[in-house]
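Notes follow the structure.
The values are calculated or read from the model by the stated rules, or taken from the named source; none is laboratory data. None of these values were measured; they are calculated from a predicted model. Cβ: placed from backbone, ideal geometry, glycine included. Neighbour counts: every protein chain shown.
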Number of protein chains: 2
Amino acid sequence: MSSAYVHGYGPSEVERLRTQAATLAELLHADTAYPAGALVLEAGCGVGAQTVALAARSPHAHFTSIDQSAASIAQAQAAVAAAGLTNVVLQQADIFNLPFAQRSFDQVFLSFVLEHLSRPLDALTALRDIMKPGGTITVIEGDHGSAYFHPDSAYARRVIDCQVALQAGSGGDALIGRRLYPLLLDAGLAAPTVSPRMVYVDASKPAMADRFTRRTFAAMIEAVRAQAIDAGLISPADFDRGIADLYRTAAADGVFCYTFFKAVAVKR
Amino acid sequence: MSSAYVHGYGPSEVERLRTQAATLAELLHADTAYPAGALVLEAGCGVGAQTVALAARSPHAHFTSIDQSAASIAQAQAAVAAAGLTNVVLQQADIFNLPFAQRSFDQVFLSFVLEHLSRPLDALTALRDIMKPGGTITVIEGDHGSAYFHPDSAYARRVIDCQVALQAGSGGDALIGRRLYPLLLDAGLAAPTVSPRMVYVDASKPAMADRFTRRTFAAMIEAVRAQAIDAGLISPADFDRGIADLYRTAAADGVFCYTFFKAVAVKR
């Protein structure tokens, strides 16, 4: 099966995304391993980028990975097959209307999902209900307010703020990483442990400057150009200057910082 | 000798500052140890808070700790004596007019110094010159732009910006942590390695919420109230609201994040 199926941008793009996912996979997933026989629900698997990293690290656990989008499930299926993984069942399903009985799963995992939801607390509560007591829920989110850089630039900060505002406008929260601890407690989950995973990039790490600063973060912000301008958040000239300043932080004398938050909590 | 000499705010205050210094000492200094016989210059030792942590970790290295303030040197002398350390010589001296021959020291260390200097690059160059080839320079700095928190608050961000503006107004840079890498390279030092040291505080760490969020960071920002208002940067009401919002982040559902940067570079 051609791996171009996964993202559909041709072999070089797929190669880039794989490399990029691998870079962050170590930082985000290295300490997540489930025991043999564990029943794990991955909620909001999208196109399966995290699914592959997760399932490969726990080859004897059984994963059920769900997403509300049938198209994403198809892409995730292709990614799982391309990776040669046989311990993942993919299923179209809605976090807010889970087709599972209470206490079905030993463990729950979700990454980069809550940031998109207008009711993250309700999602966590629903996931808590399908967990067995004693099981853990692992949540990974970013936080765009954790981005800072050298050279500093008010324009660059402003284009990031545009992305944050647009995500908030569609009900999400691009600053959710910092509040995983109270969110998990509010959902009735016990003993949350939050560990920040900071990405620090200077010119001693040229691959990270390219893969993370330029092609992950700056590219993600750049992608909201039309929406930000249409929404009247910023002028085209200011947006373009902010994006140029963001890319500038990947130069030989630049520095870029960003932090992901990983939280693990327990169902009583 | 009474330890109240060190900061002069009475035994409970001294105890608090000691506890606080100990909390950060592990995070900042645990990986710095100099070999027996090494000649180490600590530049800008202030009242000796870092000196004690540093010298205790390298009992067989010889420290020369300098500061431009005679009063600080006297306090540092008291701190060193109170800690029972015998491997530190304290000396009043100016970084920009060092009373040492070139290639005098095996190692150089400085923490929370460059942030106060209008010419940090010149300071690094001067320090480089008194180092022996092959020696390392270790630099620790904070970065107030790395502070973010839950609940988020535009007022709290504004009072931090006041501190940053006041420090910039007196020639310093409270955002210097992020740019240690290019600074060290610009000073002609080789192979800088920068490691961020992030402090993440939620209610699972009540001692840190008290010692770091409230009594280190919020108290530091609160201390610029008069200057910020006098400088017309903010109204008294807005300042007080920002400070209240900062303290608020140490509550049971609050989160506070801050990052220190530690850099080590080599003299060729």
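Restricting to segment A:44-86, give me the number of residues that are hydrophobic (A, V, I, L, M, F, W, C) and free of Cβ contacts under 8 Å to residues at least 12 places away in the same chain.
Looking only at that region, the number is 2.
Condition check ((1) touching a Ser or Thr at 6+ places or on another chain (Cβ under 7 Å); (2) without any contact (Cβ under 8 Å) to a residue 24 or more places away in the chain) across all residues:
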{"position": "B:LEU175", "(1), (2)": "no, no"}
{"position": "B:LEU189", "(1), (2)": "no, no"}
{"position": "B:ALA207", "(1), (2)": "no, no"}
{"position": "B:ARG211", "(1), (2)": "yes, no"}
{"position": "B:ALA223", "(1), (2)": "no, yes"}
{"position": "B:ILE243", "(1), (2)": "no, no"}
{"position": "B:ALA252", "(1), (2)": "no, no"}
{"position": "B:PHE256", "(1), (2)": "yes, no"}
{"position": "B:THR259", "(1), (2)": "yes, no"}
So which residues in segment B:195-252 are within 13 Å of another protein chain (Cβ to nearest Cβ) and over 29 Å from A:LEU184 (Cβ atoms), if there are any at all? none
Residue ID - surrounded by the most Cβ atoms within 10 Å (Cβ to Cβ), chosen from residues in segment A:192-220 that are at pLDDT below 95 and more than 20 Å from B:ARG179 (Cα to Cα): A:ARG211
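Test B:SER104 against the stated conditions and say whether it is surrounded by 15 or more Cβ atoms within 10 Å (Cβ to Cβ) and of a type in the set (Ser, Thr, Tyr).
Numbers: surrounded by 15 or more Cβ atoms within 10 Å (Cβ to Cβ): yes; of a type in the set (Ser, Thr, Tyr): yes.
Criteria met by B:SER104.
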Would you mind finding the one in B:VAL47, B:VAL108 that is among the aliphatic types (A, V, I, L, M) and at pLDDT 95 or above? B:VAL108
Just one of (1) part of a helix (DSSP H, G or I); (2) charged (D, E, K, R); (3) without any contact (Cβ under 8 Å) to a residue 12 or more places away in the chain trips up A:ARG215, so point out which. (3)
Restricting to segment A:32-43, count the residues that are touching a residue at least 40 places away in the same chain (Cβ under 8 Å) and either crowded, with 19+ Cβ neighbours inside 10 Å or closer than 23 Å to A:GLY142 by Cα (or both). 6
Restricting to segment A:91-127, give me the number of residues that are out of contact with any strand residue (DSSP E or B) (no Cβ under 7 Å at 6 or more places or on another chain), of a type in the set (D, E, K, R) and in a helix (DSSP H, G or I). 1
Residue in segment B:65-72 that is within 16 Å of the chain's Cα centre (by Cα), over 20 Å from B:THR23 (Cα atoms) and part of a helix (DSSP H, G or I) present: yes
Looking for something in contact with a strand residue (DSSP E or B) (Cβ under 6 Å, 6 or more places away or on another chain) and part of a helix (DSSP H, G or I) - is there at least one such residue anywhere in segment B:193-210? yes
Condition (residue is among the basic types (Lys, Arg) and under 29 Å from B:ALA168 (Cα atoms)) applied to segment B:89-104: is it met by at least one residue? no
Within segment B:156-183, the residues that are outside any helix (DSSP H, G or I) and either crowded, with 18+ Cβ neighbours inside 10 Å or at the interface with chain A (Cβ under 9 Å from one of its Cβ atoms) (or both) are B:ASP173, B:ALA174, B:LEU175
